[in-house]
Structure formats: C-alpha cells, structure tokens
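**Q** Have a look at this one.
The values are calculated or read from the model by the stated rules, or taken from the named source; none is laboratory data. In this text the structure is predicted, and so the values were computed from the model without any measurement. Glycine gets a Cβ as well: all are built from the backbone with ideal geometry, and neighbour counts include every protein chain shown. The area values use the complete protein model at the heavy-atom level, side chains included, leaving out ligands, DNA and RNA. Shrake-Rupley method; radii C 1.70, N 1.55, O 1.52, S 1.80 Å.
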Amino acid sequence: MPPEASQHYDFRPVTEKDLPMIAGWLAEPHVAEWWDDPETEIAEIREHIDSISVEPLIVELDGRPIAYLQSYDPHLEDDHPYADQPFGTLGIDLSIGPAELVGVGHGSAIVRQFVEQLFEEGAPRVIIDPHPDNGRAIRAYEKAGFRAIGRRQSQYGDVVLMAVDAAEGDMEEGD
C-alpha cells in the first residue's frame, strides 16, 4: 500500500513492550542485511529508551506500528564520527519492519515528515548514513531531500553520509 500524498505518520517513544516486535523486524531479511546481530541491537535500543543522546521511536500508520526510527545528537556522544557536523545537527536511522511496506514510498515519506518536525524544532541539519550498497535507502533519502556529502569509515562501518539543511527550504512533496 503506497503512501497517499496526504499520509500522516505518528511517532511515539519505544517502550519495553515494543522490543519483541523490533526484534522480529531485525530478523527480517530486508532489515537484517543492514543491522548487526538482533540481540546486540535490541540491547542497545533498550539502553536508548532512557538515553539523552538517542531517541528511539516507533512509526505508526493508522495506529499500526510499521517502522523503527531513531534520532540522535552526534555532539552528545564522546568521539562520535559525525561530531564534525554543524552544532545542532541531528542524525536519524530508519528501518521499515513489514517487508510488504518496503519499496513503495513509505521510507521517503516517513523521513520527509520526521525531518520537517526536526526543522520546526530548530535543527539546522539532519544527517543519515546508509551503507553504500543500500541503493534502495539512498534513493529513498534522496527523494526526501537528502544529498550525499561524503563517504565515511567508522565504528558504524562504511557509509554514505547524507544531509539535508533547514536553510534549503521546504522539502519537495510527492517526489
């Protein structure tokens, strides 16, 4: 079911009750390819529930959980590889859980809506860091207004660092 132009997603904090669902998503082949071991990831997400530097969220569509999204401040973590970004920059990561919702436009629509919220809250720049081989994600983020600003090697692996700036104006709808 492709998203409607007027589609609205809800973002709510992850709770302990969500962890089994997220673990199931992390085991899905389309997600597992890009994330580490599910047990390790769930332990990190559990830690993030009470974190000040990472905000773990569930994306809902019509009350149905469909994705895991996290935002983070690279300036609040010691030696974060993206701390060279302008102060106030926030990073995000997204994984759509149900396989049937992948590749039909939800990724770019979710990211577009969430980034607009971050801009409204004052973030000057939002970054995202897909693996260079994850062409589907890179295309989705480009549709959401991101552009590649470099390639990085870090503890997060080989990534294409992508950014969108609030100063670039409203992101285009319906691309």
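**Q** I'd like the distance separating the alpha-carbon centroids of the range 104-126 and the range 21-45, in whole Å.
**A** Result: 23 Å between the Cα centres.
**Q** Rounded to the nearest 5, what % of the DSSP beta bridges within the chain are antiparallel ones?
**A** DSSP beta bridges in the chain are roughly 90 percent antiparallel.
**Q** Right, next: Once the chain is represented by equal point scatterers at the alpha-carbon sites, with solvent omitted, what log10 I(q)/I(0) does the Debye formula produce at q = 0.08, 0.11, 0.12 Å⁻¹?
**A** Listed by q, the Debye log ratios stand at -0.22, -0.42, -0.51.
**Q** While we're on this one: Output the peptides 63-69, 148-154 sorted from most to least packed, where packing is the average of other Cβ atoms within 10 Å over each peptide's residues.
**A** Order by mean packing, descending: 63-69, 148-154.
**Q** Shifting gears a bit: Residue by residue through the range 132-138, which ³J(HN,Hα) values in whole Hz follow from phi under the Karplus form 6.51 cos²θ - 1.76 cosθ + 1.60 (θ = phi - 60°), with glycine and proline marked x?
**A** Result, rounded to whole Hz: x, 7, 8, x, 4, 5, 4.
**Q** Normalised by the number of residues in the chain, what is the relative contact order in percent for Cα pairs under 8 Å and 6+ residues apart?
**A** Relative contact order comes out at 18 percent.
**Q** At most 11 other Cβ atoms within 10 Å and a DSSP loop assignment: could you name the GluC sites (Glu not before Pro) in the range 73-175 that fit?
**A** Sites meeting the loop and neighbour criteria: E121, E172, E173.
**Q** So what are the ³J(HN,Hα) numbers for the range 146-159, from phi and the Karplus equation (6.51, -1.76, 1.60; θ = phi - 60°), rounded to whole Hz, Gly and Pro as x?
**A** 6, 9, 5, 10, x, 10, 10, 10, 8, 4, 8, x, 8, 9
**Q** Right, another one. Enumerate the calculated ³J(HN,Hα) couplings along the range 43-57 in order (Karplus 6.51 cos²θ - 1.76 cosθ + 1.60, θ = phi - 60°), each rounded to whole Hz, writing x wherever the residue is Gly or Pro.
**A** Residue by residue, the range 43-57 yields 4, 5, 4, 4, 5, 5, 3, 10, 7, 9, 9, 10, 10, x, 10 Hz.
**Q** Restricting to Cα pairs below 8 Å that are 6+ residues apart, what does the relative contact order work out to for the range 59-122? Please round to a whole percent.
**A** Value for the range 59-122: 29 percent.
**Q** Please work out how much accessible surface L90 shows to a 1.4 Å probe, ignoring ligands, DNA and RNA, in Å² rounded to 10.
**A** Accessible surface of L90 is approximately 40 Å².
**Q** Given H placed on each backbone N at 1.01 Å, which residues far from G97 in sequence or on other chains put an amide H within less than 5 Å of it?
**A** A67, Y68
**Q** Could you provide, to the nearest whole Å², the per residue accessible area of the range 1-115 with probe 1.4 Å?
**A** On a per-residue basis, the range 1-115 sits at 49 Å².
**Q** Here's a follow-up. Within the range 75-104, list the residues whose amide N lies under 19 Å from a label point set 7 Å along Cα→Cβ of E142.
**A** 94, 103-104
**Q** For E44 and Q117, what is the calculated FRET efficiency with R₀ set at 30 Å and r taken between the beta-carbons, to the nearest 0.05? List each step's numbers first, then the result.
**A** Numbers: r = 23 Å, r/R0 = 0.78.
Calculated transfer efficiency: 0.80.
**Q** Multiply the residue separation of S53 and D37 by 0.36 nm, subtract the distance between their alpha-carbon atoms, and state the gained length in nm to one decimal.
**A** Values: separation 16, 0.36 × 16 = 5.76 nm, distance 2.19 nm.
The S53-D37 span can extend by a further 3.6 nm.
**Q** Report the Rg/Rh value for the range 65-153, based on alpha-carbon coordinates and the Kirkwood definition of Rh.
**A** 0.95
**Q** While we're on this one: With contacts defined as alpha carbon pairs under 8 Å and 6 or more residues apart, what's the relative contact order of the range 1-102 in percent?
**A** Averaging sequence separation for qualifying contacts and normalising by length gives 28 percent for the range 1-102.
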